Amino acid sequence: MKARDVCAAAGIAIACGAVVFTRSLVETNDAQAVRVAESMMAQMPVADGVPSLTLQLDYRPGGRVMQGPPLSATIAVKEGVKGVAVAKSVFAARKLAAPAAGDTLVFLGRRGSWPLEVSEVLPWDRPAGRRSGYPDAFVSPETAALISEEWRPFRKPRAEDLAAAFKSDAGRNFDKSRALLLWAAALTSVCLLVNTLVLSVEARRRDIALARVLGLQRKSVVARLFAHSAVLGAAGCAIGSAVAYAALRAYVAFSADLFPAGPAFSARAVSAAFVCAPLLSSLAALFALRPALAVKPLEAASARLPRRRTLGMFATFAFGFGSFVAVEVWGSSLMSSFVPSKEWPDAIVSILPSGVSAFDIDKLRNLEGVEWISELQPLQVDIHPLEELKGPSRGGKQHRNALLLASSRLPAFRFTEGDAESAQKELASGFSCVITSMMARARRLKKGDSLVLDLGRGETCPLKIAGVVDLNWHMVTSRGLLRGLGRMPVNTDGPAFVSFDTLAALDMRPQHSVPMTHLWLDYRRDFLETHGPFEAGRIVERRISEALGGAFRKDGGEVLGNTVRLHSRDEVADGTLAHGNDIVGSMAKVPFIFIAVASLGFIAMLVASADARRREFAVMRAVGAARTSLAAILASDALKTALWGMAAGLAGGTAVGWLSTFSTTKVMSNWGLAHTLSVPWRAIGAGAAASVAIVLAIAVPAALAIVSAREKR
């Protein structure tokens with residue numbers, strides 16, 4: 001078997017094996033669910049009917065306010081527990097280290113915050129998720145009596161009912177990129193087959209011509225080409241499936257505690273691979289058909305050496321690197337709409353769950369390091385006409401809504417319609433608002449139009465649009481805990497800035513009972529430069545907490561505590577970028593892995609290149625050229641081909657990624673996302689450097705081996 005055929009079969013085997021292994025891991029993971037649920041119920045037994053409730057955690061690893069959805073724990077009552085016993089699974093959901101015994105955890109309910117000392121950390125570390133409702137923390141009846149929240153009797157489920165909660169670990173995460181994995185595997189297989197078939201035709205050109213002289217018909221040439229491609233495809237699938245089976249068994253055996261039910265090999269994935277193999281082989285043969293049919297009988301008398309063929313590897317590498325670039329550009333362009341705008345104030349402070357009196361803002365007027373601070377009062381109001389939000393709800397229907405934000409000042413936002421001075425005057429006059437470009441695009445609104453709100457009971461209220469500002473707000477309003485209050489949806493069409501009077505007129509609650517729950521502020525520049533966003537936030541947060549320490553309101557004789565959390569815009573931005581890079585990076589690994597697989601084709605190309613330069617190399621050796629010099633020439637062929645392929649892949653991948661952004665935002669059209677091209681040069685540069693390293697790691701040893709083999713003949 002020729003080296004080119006071995007490389008093609010090996011590449012197809014790796015591609016097929018990756019798909020089969022991934023799908024088998026998903027099915028293996030699913031097969032464990034019931035056994036894992038049974039194990040959890042045995043390690044953390046809970047009696048039927050005991051009181052339980054779910055509370056959020058104000059957990060701050062490293063002293064930082066957490067970015068992203070807050071942690072939550074379901075607490076059940078259990079005799080003999082001191083403080084709170086909490087399972088590692090509460091923190092494993094966000095890949096965080098669990099606290100130590102003796103640490104204090106702050107639980108946050110609807111009526112107050114409840115600091116509890118950790119008495120025991122339970123070893124169970126498999127997150128079941130909040131929706132499972134299974135307790136992962138325990139307190140004594142005496143401690144439960146002090147937590148004046150809405151306790152409900154726990155209804156003990158069956159293990160089968162909890163099984164779905166354990167179908168979302170690493171195996172399921174692999175499954176999220178299944179479409180990309182299948183596409184990359186198919187493309188890699190086709191490219192490797194095309195490269196091998198073209199090189200095979202060129203290497204056997206005289207043999208094919210001689211067969212044509214002896215009567216071989218063109219249809220027989222076509223049949224041989226298709227048969228050759230089919231054999232390589234079938235061999236690759238068979239080898240890949242066998243290797244995937246062995247790898248799965250080894251993986252499960254190595255992590256036996258995670259897979260008590262053993263491996264579940266995906267026969268469906270193997271069947272799909274063998275069904276797709278003939279189709280991909282036929283497609284590759286069609287691409288290689290033209291050079292095969294171009295061989296003429298007269299070439300049987302030709303003594304010329306085979307020509308160098310680099311087009312196949314050029315296309316292979318261009319497609320592979322282009323796929324990587326497309327994923328990076330798509331992700332970066334999409335994420336650009338979620339990074340908070342610099343025009344947003346430096347920080348939002350949440351005082352939850354109870355808030356404090358609006359008069360207590362006076363205690364914060366002269367905070368050191370703060371340039372200005374103002375109350376920021378949020379209220380979500382449904383938009384007319386009502387349009388139901390899709391997805392899980394918190395009891396009852398939830399509709400698309402506007403997040404009304406009232407403040408005594410409007411920050412220096414960048415206006416795309418109107419201007420700050422006139423907008424501020426209109427806001428002060430009442431029943432006007434300033435909206436974002438996202439909402440304007442999503443709802444086709446402009447300055448002078450009205451944003452019509454549905455107040456319920458058949459009442460509506462139009463707010464005249466006094467201006468439109470270009471502002472990315474998604475993550476900062478989410479991380480700042482501005483939305484989802486009062487059982488409202490966590491999703492919103494976006495902020496609409498209004499005056500306090502307008503908000504009061506739209507709020508159905510008695511104004512004397514409405515607490516202050518949020519602030520926003522800007523630091524003094526010298527203070528921020530001295531301490532940086534993280535340390536500045538902790539200092540100001542501590543000073544706000546101290547200033548409001550005696551301001552908590554009383555209800556029924558009990559002091560309702562709050563947590564003061566400062567959410568820095570720049571920390572939110574860093575967290576958003578890190579999360580986006582993590583998601584995009586995981587997806588980009590799929591095409592990048594197949595770049596390495598596709599690079600195996602360089603071995604076949606170098607063999608063909610050495611055959612084409614046989615006479616040239618013989619002359620060079622005769623005049624004293626070293627083997628390393630000849631190997632360097634071959635390796636440089638591979639590097640040049642890869643670099644040209646990367647250049648083409650960069651251009652094509654950027655275009656595909658940009659077009660994919662358009663299609664994605666079209667699906668998310670009701671979000672009003674902007675179409676912004678963002679090319680992450682650092683990530684692409686790192687990928688390019690890694691690609692060059694892979695090519696050299698394959699080409700240099702292969703070139704040395706090829707030259708040495710030629711010398712021994």
Number of the condition not met by Ala242 [criteria: (1) surrounded by fewer than 18 Cβ atoms within 10 Å (Cβ to Cβ); (2) part of a helix (DSSP H, G or I); (3) more than 37 Å from the chain's Cα centre (by Cα); (4) of a type in the set (A, V, I, L, M)]: (3)
Lys88 being at positive phi and among the charged types (D, E, K, R): no
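A quick yes/no check of all residues on (1) aliphatic (A, V, I, L, M); (2) free of Cβ contacts under 8 Å to residues at least 12 places away in the same chain:
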site: Ser513; (1), (2): no, yes
site: Leu519; (1), (2): yes, no
site: Arg524; (1), (2): no, no
site: Pro533; (1), (2): no, no
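Is it true that some residue in the range 637-659 is of a type in the set (S, T, N, Q), farther than 17 Å from Ser323 by Cβ, more than 30 Å from the chain's Cα centre (by Cα) and in a helix (DSSP H, G or I)?
yes
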Matching residues in the range 411-448 - criterion: being touching a Leu at 6+ places or on another chain (Cβ under 8 Å), hydroxyl-bearing (Ser, Thr, Tyr) and farther than 18 Å from Trp344 by Cα: Ser432
Unmet requirement for Gly215, which otherwise passes all of (1) closer than 30 Å to Gly657 by Cβ; (2) not in a helix (DSSP H, G or I); (3) not aliphatic (A, V, I, L, M): (1)
Pairs with Cβ under 9 Å, 6+ apart, first in the range 359-372 and within 19 Å of Pro411 (Cα to Cα) and assigned by TED's automatic domain parsing to the domain that holds Glu541, second of a type in the set (A, V, I, L, M) and part of a loop (DSSP other than H, G, I, E, B): Leu364/Leu548
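Working only within the range 405-429, note down all residues that are touching an Asp or Glu at 6+ places or on another chain (Cβ under 9 Å), closer than 18 Å to Asp501 by Cα and at pLDDT 90 or above. So that I can check it myself, show each step before the final result.
Of all residues in the range 405-429, those touching an Asp or Glu at 6+ places or on another chain (Cβ under 9 Å) come to 406-408, 411-416, 418, 428.
Add one more test, that the residue is closer than 18 Å to Asp501 by Cα, and what stays is 406-408, 428.
Residues satisfying the conditions are Ala406, Ser407, Ala428.
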Flag if Arg400 is out of contact with any Leu (no Cβ under 7 Å at 6 or more places or on another chain) and among the basic types (Lys, Arg): no
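Return the residue satisfying two criteria in turn: it lies in the range 456-513 and is in a helix (DSSP H, G or I) and on the phi > 0 side of the Ramachandran plot, and of such residues it is surrounded by the fewest Cβ atoms within 10 Å (Cβ to Cβ).
Step one: filter the range 456-513 for residues in a helix (DSSP H, G or I), giving 474-479, 485-487, 500-506, 511-513.
Those left that are additionally on the phi > 0 side of the Ramachandran plot: 486-487.
Working: Gly486: 9, Arg487: 12.
Checking each candidate, the answer is Gly486.
May I ask you to verify whether Leu352 is more than 27 Å from the chain's Cα centre (by Cα), modelled with pLDDT of 80 or more and surrounded by 20 or more Cβ atoms within 10 Å (Cβ to Cβ)? So that I can check it myself, show each step before the final result.
Values: more than 27 Å from the chain's Cα centre (by Cα): yes; modelled with pLDDT of 80 or more: yes; surrounded by 20 or more Cβ atoms within 10 Å (Cβ to Cβ): yes.
The answer is yes for Leu352.
Has the range 196-204 got at least one residue that is surrounded by fewer than 22 Cβ atoms within 10 Å (Cβ to Cβ), outside any helix (DSSP H, G or I) and at pLDDT below 80? Don't jump to the end; show me each part of the working.
Step one: filter the range 196-204 for residues surrounded by fewer than 22 Cβ atoms within 10 Å (Cβ to Cβ), giving 202-204.
Then keep just the ones that are outside any helix (DSSP H, G or I); that gives 204.
If we keep only those that are at pLDDT below 80 too, we end up with 204.
Scanning the range 196-204 turns up at least one residue that is surrounded by fewer than 22 Cβ atoms within 10 Å (Cβ to Cβ), outside any helix (DSSP H, G or I) and at pLDDT below 80.
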Matching residues, the range 568-583, being of a type in the set (A, V, I, L, M, F, W, C), farther than 19 Å from Trp520 by Cβ and touching a residue at least 60 places away in the same chain (Cβ under 8 Å): Leu577, Ile583
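Go through the residues of the range 665-672 one by one and say whether even a single one is surrounded by 12 or more Cβ atoms within 10 Å (Cβ to Cβ), among the β-branched types (Val, Ile, Thr), assigned to a helix (DSSP H, G or I) and at pLDDT below 85.
Residues of the range 665-672 surrounded by 12 or more Cβ atoms within 10 Å (Cβ to Cβ): 665, 668, 670-672.
Remaining after also requiring among the β-branched types (Val, Ile, Thr): 665.
After this cut, where a residue has to be assigned to a helix (DSSP H, G or I) as well, the list is 665.
Narrowing the set further to residues that are at pLDDT below 85 leaves 665.
Looking for residues that are surrounded by 12 or more Cβ atoms within 10 Å (Cβ to Cβ), among the β-branched types (Val, Ile, Thr), assigned to a helix (DSSP H, G or I) and at pLDDT below 85, one finds at least one in the range 665-672, hence yes.
The values are calculated or read from the model by the stated rules, or taken from the named source; none is laboratory data. Bear in mind that the values here come from a model prediction, so they are computed numbers and not experimental data. When we count neighbours, we look across all protein chains shown, and the Cβ atoms used for this are built from the backbone with ideal geometry, even at glycine.
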